Structure formats: structure tokens, C-alpha cells
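The values are calculated or read from the model by the stated rules, or taken from the named source; none is laboratory data. Every value quoted in this text rests on a predicted model; they were computed, and no experiment measured them. Neighbour counts run over all protein chains shown; Cβ positions are idealised from the backbone, glycine included. When the accessible area is computed, the model is the full protein with side chains, heavy atoms only, and any ligands, DNA or RNA have been set aside. Shrake-Rupley method; radii C 1.70, N 1.55, O 1.52, S 1.80 Å.
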Amino acid sequence: MNIEKTRQYYAQLTEEDICDCAYCQNYVNEVRAAYPELAAFLNSLGINIEKPFEAIPIGPADGQMLYSGVQYVVIGSKDDFRETMIGDVRVVIADSHPMTHILQDHFVIEIAPVSLRWSEEA
């Protein structure tokens with residue numbers, strides 16, 4: 001892993017790079033407050049929790065939105081990465097993900113499950 005290059009990658013991402021569907025925007029708006037320990041852990045890897053590469057929502061129910069997985073890009077080699085649990089959330093190397101179109105050495109991690117407050121106005 002290259003934490004500094006990962007941090008640079010996230011610093012250059014803009015709002016236009018993040019999916020603007022209601023499910024993804026709900027994630028962006030709610031995740032940091034709901035999962036502060038997870039946000040701190042991802043930050044230690046250079047990742048901005050509010051800039052997911054891919055979010056996989058299951059759907060809203062009873063005022064909650066469940067995501068079966070949320071993915072993030074990490075620059076560098078996966079050799080130094082260790083899968084872990086942060087609270088009830090698994091942090092693992094993703095088995096599959098959309099094309100990243102990133103030319104430098106990188107991998108994708110996935111966090112799951114994530115349950116957030118859901119609002120139609122998100």
C-alpha cells in the first residue's frame with residue numbers, strides 16, 4: 001500500500017466523480033457520522049470515506065438503507081493490506097469490482113455491511 005499516493009488520489013476526486021444517485025448521496029451524507037471509527041481507520045490508509053468508488057445498496061426499509069458492500073481504491077500493492085473488522089463492519093479485498101481505469105498499481109477494498117439512516121431528501 002502507498003498511503004500518501006492513496007491520499008493524493010482521494011484529494012483529486014471531486015463531487016462530479018461521485019455517483020449522484022440518491023443511494024450514493026445518502027451514503028456520502030450519512031457515513032462519517034454513523035461510523036467514526038471506520039472513517040478513522042480508512043483515513044489511516046489514505047481513504048476518504050465520503051468518496052466511495054462503488055456502493056451496493058440493497059434498498060431502504062424502515063428508515064434505514066443497507067449497503068451490502070462499499071468499495072474504495074487503494075494505491076500500491078495489496079501485500080501490506082490486512083483484512084480486519086471495525087466494529088461490525090468487515091474490511092476486505094474486493095473479489096470483484098467495476099473497472100477502475102487506473103494505470104498505477106492498485107487494488108480495491110470492500111467494507112460491509114453498512115446500515116445508514118435513510119431519507120428520501122438525501
Look through I102, I93, I111 and report the one residue that is within 19 Å of I18 (Cα to Cα), open to solvent by less than 50 Å² (accessible area, probe 1.4 Å), touching a Lys or Arg at 6+ places or on another chain (Cβ under 8 Å) and of a type in the set (V, I, T).
-> I111
Residue list for region 22-40, filter: among the hydrophobic types (A, V, I, L, M, F, W, C) and over 19 Å from V73 (Cβ atoms) = A22, A33, A34
